Structure formats: structure tokens, C-alpha cells
1. Is it the case that Leu219 is assigned to a loop (DSSP other than H, G, I, E, B), at pLDDT 90 or above and assigned by TED's automatic domain parsing to the domain that holds Ala263?
2. Kindly list the number of the only condition in (1) farther than 28 Å from Phe632 by Cβ; (2) outside the structural domain of Met294 (by TED's automatic domain parsing); (3) buried (at least 21 other Cβ atoms within 10 Å of the Cβ) that fails for Leu352.
3. Residues of the stretch 528-562 being within 25 Å of Asp660 (Cα to Cα), in contact with a Phe, Trp or Tyr (Cβ under 7 Å, 6 or more places away or on another chain) and aliphatic (A, V, I, L, M), which ones?
4. Kindly indicate whether any position in the stretch 287-300 is in the same structural domain as Arg238 (by TED's automatic domain parsing), crowded, with 16+ Cβ neighbours inside 10 Å and basic (Lys, Arg).
5. Name every residue in the stretch 27-56 that is aromatic (Phe, Trp, Tyr) and either closer than 29 Å to Gly198 by Cα or in a strand (DSSP E or B) (or both), in order of residue number.
6. With the requirement that a residue be under 26 Å from the mean Cα position of the chain (by Cα), hydrophobic (A, V, I, L, M, F, W, C) and assigned to a helix (DSSP H, G or I), what does the stretch 474-504 give you?
7. Would you mind finding the one in Arg381, Arg401, Arg406 that is surrounded by fewer than 19 Cβ atoms within 10 Å (Cβ to Cβ), assigned by TED's automatic domain parsing to the domain that holds Ala451 and assigned to a helix (DSSP H, G or I)?
Amino acid sequence: MSGRGSLRIPVFVTHRKEAGYRLRCLFLPEIDATAMRYEAALNKLRQAVVHHFRGTRSTRATLDERLWLGFAPELRFELVPLGFDSGRRWVEGAFAAAHFTVGGRRYACLPQLDGTVADLGESHLDKAQRTERLVASIQAWFREQRKERGDAFDPQRYLAAPNDELGELEISMHLAQGRFPFESEHDLRAALRDDGIGDGPTEMARAAVDLNDLYPDELTQAILRDDAIEELGRAIYRPGGGAGAIVLVGPRGAGKTALVHGALRQFMASETGRDRAKLQKIWHLDPMRVISGMSVIGQWQRRMAVLLQHLQFRLRDDFRIAKPDHLYCDNLVALLAIGKSSQNTLTLADVLRPLLEKRAFTMIGEATPEAWQKVQQRDRRFADLFRVIRVEPPSRETAIRIVGWRRAELERQHECRIAAGAVAELLKVERRFAADEVLPGSAIRVLERLAVRHARGEVGRAEVLAAYTAAYHFREKLFSRQIGLAPAEAAAHFAARLVGQPEARAQMVDVVALIKSGLAAPGKPLSSLLFIGPTGVGKSEAAKLLADFLFEDEGGLVRFDMNEYVDGDATGRLIGDAYRPDGQLTAAVRQRRACVLLLDEIEKAHPSVHDLLLQVLGEGRLTDALGRTTDFSQCVVVLTSNLGASAASRQTGFVRQQADVAHTYREAVERFFRPEFLNRIDQVVGFTPLGADDIAAIARLQLERVLARDGFVRRLTFLNVSAQALDHLARLGHDETLGARALKRGIERALTQPIAQRLAASHSGQPMLLDVAFGEGGLTTRATVLDYATRRTVPLPEDAVSAAGYQALAAVADALHERLRAQLDAAPAESEALALRALQVRLDPLREVLARRSWDLSERRVAPGRTVRQSLPRPREWRQTGHQQVFDELMAQQDIREFFEQLFAGASPVRGMDTELVRWQLEIDQLASRADSLGQHGIERVAVEIMPLQTGAGEAAVKTAWADYAALIAQLDLHELPSPRAGVRCFEGIGLRDAFGGECGIHLWYVGDDRPLPLAVRLLSVEQAAPDAAPAPLPTEIVRIRLEPARAGDHRRLTDLRSGRVRKFSGPLTEEDWRLLLWDGRAAARTSAAQD
């Protein structure tokens, strides 16, 4: 049983300038709606009520809720001023209350308090007594909220505003009934009758949308199309009865849906004042939802019968009006396919056809020209029932006016500002990317998404470009006209990764230039390439590299192995058929509209597939089984073929001419493919066999990919393969027949598998260095476990900012001066005397300023403070981590930048670094340490080596490290000696072992998001640095972690594991930075010596 009820629902209305209107059902406040305009909010609330009760039945469980919805006593609304103690604070203000009387008792509904109803007692009580009961109810509600929410509960949020008021929503809603009380849930006859199909209104709500409910705000407006709206409106709402079937045929974006909405809007406006429930409705049917959840034979047919019954007789049954509703479907092709199965040939179109032939109701269809052609091809009898109305896209000038009007509407609806420059940019970009859609729809669709995303904000050119970048995933440098792209950049990308194929590299650079310039031919793919040549020479790899350069994500390559499409059913699987409407190829490109489409080994595909590709290569589009057009105009189509490989391998002679081999492949391709197929391909690119040098270069590239695997990244394991081992791998993988594929197998067998066994036996959180060398006819592997440096607390000198503090430091400086003078009086060697004078030159200015500052403070001429001398640069902030970090876990994080941000945010500033007194103490301590070193060791000659622990990597990191050491070298007053070999610098001076000794260890360098590179810093004697000297042992302690910026403008980051210092900075390290780091190193050394 079912029925329809007309309800008058009391509604609580609030209006806030920043949020708009919020409407809530007074007695069911969980049903609410918000919009900037009152009419829009009221319409949304109507839809929310219908949606809330959609599909439910009147049972004991739902009866209470439905009674509250329809409960509409005589209400008196007021804002009650109250003041009371809420338990923790005094609350004073107005509370919204809707008073009503039931059974001689008075009640007050408090909408701001989740619709709480307060019992105010019997009607004879006076106002003071009722107010007391009201306050008690509010206090009780506040106590419950505070228990649940704690300190987050704020009573002030529940006060009313002066413009809060009570409104009313009138709605006619279908009420479905449940079982009769005497019906058992286990009754067999009831179970057979209940197949899950409800009554007409219930099923219509499941499978269709009532467009009348969208009036007026959610209906699309058709601008400057009055004549077309008038024509369509007359066809739908003709006085003498329905028009049978109408179909709007036009390209996507031409405004077909807007015309339907416009005709409905015109009809609803002409019927203002009438009960909406008594008007003819337009139901937007989704064919897929008709069969959704249907698992029993005959079930969807029963649902469709119920839907059509309700469509025809709703007005007659409810209001005795002999008019049917109208049916609207924008996917006519689906009507011809949905319903078919191996046991049934009946479709939705078959069910509709008899009723349309009798003109039982009006059906409005919508289709693109391609989809309408599919309908005509599949079921001409069904198609002939429709009167075709052609919808041509408006002229560009008219379309731009429509876009401008829609822009103003979106600004009003979402309170955003869409700049004129944004619209201009959109109209420019739209021409390039919206090949499958026309104006104005192509631009309006993007504007609507931007307005929603940037509500109450501003949409400019940058936001438009960002929207298209997100949709198509092109890198910004390819997409934006403000960023240039030099051909050399693309050439370097392909040269570094595509080995031994200069012709292919040149062609791909041309493709990049074509895309960047926007000069690709319209109506075709961006480019189409046929890669020919032997197997294993990089044809598929070239397509991957092109996708990597063009797109900012990893999904830019869409690959199909044409070995899987050799049968006669291949075309149906690629574009869909009656039983599998979603074609694999068309669905993949619809999902990824811009991509490199790789069709591997195209010659093995069925000839019908080659015919299918003629349309892709020539027109840049395909139509699937459902009549949907898939646009290929933003794809680079790459075909690969091994045709001619057998003939080329049979060529004999001591030296095969490269031109002859290339001719063999081209000749084979021309014999196999038809001329009309080859003529649609932009370039046929030949790939040549790889030589021994090429294989060695590819071996290095393959090794980089091994290092990028998850096992190395997560475990912080570093792989160092010697040059001899790499040559051995290249020899193992050199096979002219299989190309680089043999190399991949050789690396997996000879390198990856032995390393996997060693890693599996090790602790997963333990950093490790794996050295792979060649010896005794094979590869040998040596593992070195790395340790994180032990954290030692290193306090800064005492910050005694007073006359006594300055006088004490001045006394230390004077004592050091006397030591230096005494050493000079002892007539040292000339080199030592020069070193002592250099220390005096650095010390004397500090003594003078300390003496002057001590005098000023003692005479009270200046107040003690933290003012830094103007001659000194402003110190950059160092921070101190508060506890020992678990670095083996933190380093395993995928985002090292996030690790540094968390580390920096959790650290506190290093106290004292902003005072001149502490900084001068650090400088004097360094001078004293150098004087001590001179007395103990004399003039030192040392070699400092910075070497990457991975072969063939780290040159840039080594250069950056030496640039940071420049400030340290400058303040040590040393003399640089000739370098005995690459990577080593030799110095002569005093205090060198003390200064560089603290740098010894492993420094982990991250560049951007790449995996870390270990750099070893070690201190050697000049003799140990000689080329013929025995190799010195490598350090195994990780002392620092560095993050270098991947983009200009980013900060550098550094953390010293021994002291716990961390900082974010730009540019190289300064002398002040090194004074702090040297202080930490000396203090840690003293602490370690004391513990030993």
C-alpha cells in the first residue's frame, strides 16, 4: 500500500553573511540545507526531505520520525533573552524558541540546541515559572554536551541572532506503507510476492531524477536560445497530448541538456502558484540504474513495468488528472544494450517501443551524431519512432556571450570572482584541448568546477592552467606559455636514457617541440610514430621516456600488447560490443585523455584492428559500443614492430652496412601494411642494433633502476658496483639477437638475486653499504654495516650578559694573547711564526671590542642586552632537537622533506646564538684550540677526501660540499698544496686535524625526492693520498644528513646527528656556522675522551 501526503513542515531559518541561509526542519533538525539565497535553500531542503525518506516504508521503526516531520502545531516563535550560569561560565544572550501547546501543557522547541523540546509545565504557570523550566532544560543540555565534547564545547555558539526566524515548507511526498501487522516476515506467500521491487514512486526514485524538483536554481539555463526552447516546449507540452518521442541530436557541449532544462523552466514559470505535485514531471532516467541490483531473471522487467506504470498514471491515481509524465534519457545507445544476457535478448528499448508507438507518453532523447548513428544502425525501427531536432552549436561570438553570462551566474552563486583574464585564457586553452566538445559547454564545464573549488575566492589565469594541468597531467613547462622549453633540455633527457638510437632521440625531441608550440594538426593525435627494428633495442623504452618527459605522473603511458588481439573478436574487445559495452582501448583513453598510447608489436594484431586504427590515426577519435566518442587528439600514438628482424639477421658479411639493415626493416613494413595505413603515420623511426659500448651504458642505467627498488630505498642500503664488475655484467648481457633484454636477465641473475639473499638475512632497519667487485672469474659482494653517530649533549658557553661576563672573556682573550706573544718570543721557525701572527691578527680586534664593551658596561654607559654588532652578519637560526631521534625509522620515510619539516618544527632555537658574547666565546675558543694544536703538532700537512660511495654518482654533491667548506678553509689561514689525485685536496696549516677531524664520517645527501647518496669524508696524511698508496679504510659512521633543494627558491636542510643541531638555510655555510660546528666537535671529543 502507498499514499501521498501533503505536509506543511515548520522550518527554522538562520542567515549569516559569510555562510548564507541555513534551513532546518524544526522537529527533525538533522534534515537541513544551506544556500546563499533563501529560495535556493528552500528548494534544497525540499529535496533533502524527499531524499531522507526515499525508499523507506511506513513501519513501526520509521513511524516516529514521520510523525515528527508532519507535526505542525500552532507555533509562537520568539527570541528569549536569558542569563544563567552554565557550570563554568556565565551565559547571556537570546535563545530561539518555538512555543506550542499539546494536551494542556506548554512546550518550547529549541532549534539551536539540536531541536531539544523543553517541557514548560501546565498552561496556568506564569512566565517566570516557565522561564525557570526553560533555563533548567538548557542547562541540562549544556551539561550533556560538555561531558561529550569537553573543553571544545562553547555555549556562545548556541545563541540566536536577531534575524533568526521561523518559516514553512509545503511539500507533497509519497508515503510507502510497510507490511500489515498480521503479515509474518516468514510467510512464504509474502516472500514470493516481495521480490525487492517497490511501488512506482519508490522505484522511480531509485532509477530516475525528478527534474521538476530542480526548479529553479539547479536547472541549467539556456541563454540566447529562446526559439529552440519555444520549439521544444511546444513539442513536449502540446495541449492535445504527447509528441511521442523526440531526440535532440548535436555535438557534446552544444546545449542539448540546457534546452531540455530551459523548456521545463519555461513550463514551471508559466504554472506559478499551482501545486507542483499536480504538474507533469520530467523524469531523467538512467538506464544503468534500472538494472542496478537486479540478480533474478525477470526482476528488471518488473521494475521497468512499475516505472512505466507510475510514469503514465501518477497524476491520474493521485489527483485524477488524465496526463502522463515525461521521460528523458541522455543515453539512448544504452537502451539498446541493457537487459541483454546469454538467456535473454530483451532490452529496455524493446520494453519502451510499444508504448512509444502508441504515444502513451512523451520521451525526450539526447545524443551526439555518433551515438544517434549507432542507434540507427542497431535498431532502425526504434530510431524511426523519434522526431529528430538538430541542435547546432552557436557561433563563437554567441558562445562567448553565453560563457560570460554563466560566469556572472557562477560568481553570484559561489561568491567568487572569475577574472576576465581567466575567461580569456580558458577560451584559448579550450581550442587546444576540447576536441570532443564544442563551445559553450566545453568552457562552462571547466568554469563550474573552478567556481566550486574556489568558492569565496578568486579564479585567475593560474587557476585555469592548473585545472587543465590536473585534467591532462602535462608538465607545466609544456603547457604554459610563460615558461620556455629549450630543445636542448629535451635532447639531454633522451640522450641520458635512450642509448644508441640517435634517430629516435631526434624524432622525440621534434614531438616535444610540436606539443609545446601547439602546432599539432587538429583532429588528429598529437603525433603518430612507428618504431621499427630488432627486439631489445629500446623501442618500448623510448615510449616510456617520452611519457616521463611529457607528463608529471606515472600514468602517462597506456600500453596494449597486440599479441592479445590476434583473433576476430579483437575489435569488439577494444571498442566494446553488445555484451561488453566498455571497450578496453576506448575506456583507457577516456580515463587518461592525454597519454602516450603504446601499441606494442602492432603487426601481430588482427587486420580488423589495423582498420580500426585508421580512424584513430586519421580522425583522432573512436566511437564505442555505447555511441560515446573517445578523443585521441591529446595522445601520442606509438606503434612498435619487429617486422624485418628475421631478414636482417640472415644478412651475411664481415661488416653489415647500417643503411642496408635499415632498408630491410622499412621494406618489410611497406610489404606488410597497406599504403593508407602507413600514410596516416607521421614518422617511421628506425632503431639500430646495439653495440658493446651501448650495452655497457645500458648496464649503468639498469643499475640505477635496481637501486630505485623498494628493497634498497626502505632499507637505506647503498649499492656500489665497481667499473670492472659493470663491464662483466655488460659482457654477460651482450646478445645481438635479444638486445638489452639479455642484459636485464643477466643483471637479475648475477647481481640482484645474490644481493636479495644477503639483504633478506640482514636486519631491515640497519643501514648497509654493499660493494660489488669482479674477481676470480665472477662477482663478489662485500657488506659493510653503517651506524648512526651517537648523540652527545653539547651545551653552548654560558650566556652571562653582564660587565663581569665581558670582563671574564676579556681576561681569557688577554691570556691567549700573552701565550701567543710568549711563543713568538721563543724564536720559532718562520712558518710557525707566521701562523702565530695570523692568530694575533684575528685575536686583537676581539680584545679591543671586549675591553671597550667591559668599560661601557662597568660605567653603565650602555645597558646589557642582546644587540649584535652591526659589523657582524645577522646569525641564521640553528635549532636543537629535544630528544634522541630514531633515525633508522625516520630515514625509511618516503618523504624526506616531511621528515626534516617535522624535525625542524619539533626543535627549539639554540639559546645564546643571538648574543655577541657567546659568538665571541666560540671564536676565541677556536683560536685557542689552534694555538694548542700548533704547540702539540706544529705545522700540519693533511689531505681531505670527499668521495661518493656509489660509482658514477655524486659529482654535484661533492662540488656543493667543497663550496660549504670554503668558509671553514678561509678562517683556518691555511695554504693549499697540489692535489695528488681527483677528489683529494691537500692543505698546510695549524689546527687542521682538529678542524677536519670532526667532519670525518658519512654524510647522507638527498637531492629533492631522490634516494640518498652517501658521501665519505676522511682525513688522510699526504702520503696516504698518493695514487700508489694502499687504500685507507672507509668510515662507517653516519654523522650528518643533508637535503639539497630540487627547485630554485627551496631551502637547504642539515642535521648533525652527534649534537642534535638542525637548521634550514639558503646559500653555503658561513664562518659563524662553522664556529658552532667546530665547537660541537671539540666538545664532543672532550666528552668522549673523558668517558674513555
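The values are calculated or read from the model by the stated rules, or taken from the named source; none is laboratory data. As the structure is a prediction and not an experimental result, all values here were calculated from the model. Cβ coordinates were reconstructed from backbone atoms using ideal geometry, including for glycine residues, and neighbour counts include every protein chain displayed.
1. yes
2. It is condition (2) that Leu352 fails.
3. Of everything in the stretch 528-562, those that are within 25 Å of Asp660 (Cα to Cα), in contact with a Phe, Trp or Tyr (Cβ under 7 Å, 6 or more places away or on another chain) and aliphatic (A, V, I, L, M) turn out to be Ile532, Val537, Ala542.
4. First, pick out the residues of the stretch 287-300 that are in the same structural domain as Arg238 (by TED's automatic domain parsing): 287-300.
Pick out the ones that are also crowded, with 16+ Cβ neighbours inside 10 Å and you get 287, 290-291, 294, 300.
Narrowing further to those that are basic (Lys, Arg): none.
Scanning the stretch 287-300 turns up no residue that is in the same structural domain as Arg238 (by TED's automatic domain parsing), crowded, with 16+ Cβ neighbours inside 10 Å and basic (Lys, Arg).
5. Listed by number, the residues that qualify are Phe27, Phe53.
6. Correct list: Leu478, Phe479, Ala490.
7. Exactly one of Arg381, Arg401, Arg406 is surrounded by fewer than 19 Cβ atoms within 10 Å (Cβ to Cβ), assigned by TED's automatic domain parsing to the domain that holds Ala451 and assigned to a helix (DSSP H, G or I), namely Arg401.
Quick grid of which residues meet (1) out of contact with any strand residue (DSSP E or B) (no Cβ under 6 Å at 6 or more places or on another chain); (2) outside the structural domain of Met913 (by TED's automatic domain parsing); (3) within 21 Å of Gly711 (Cα to Cα); (4) modelled with pLDDT under 90:
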| residue | (1), (2), (3), (4) |
| --- | --- |
| His763 | yes, yes, yes, yes |
| Thr784 | no, yes, yes, yes |
| Asp814 | yes, yes, no, no |
| Leu839 | yes, yes, no, no |
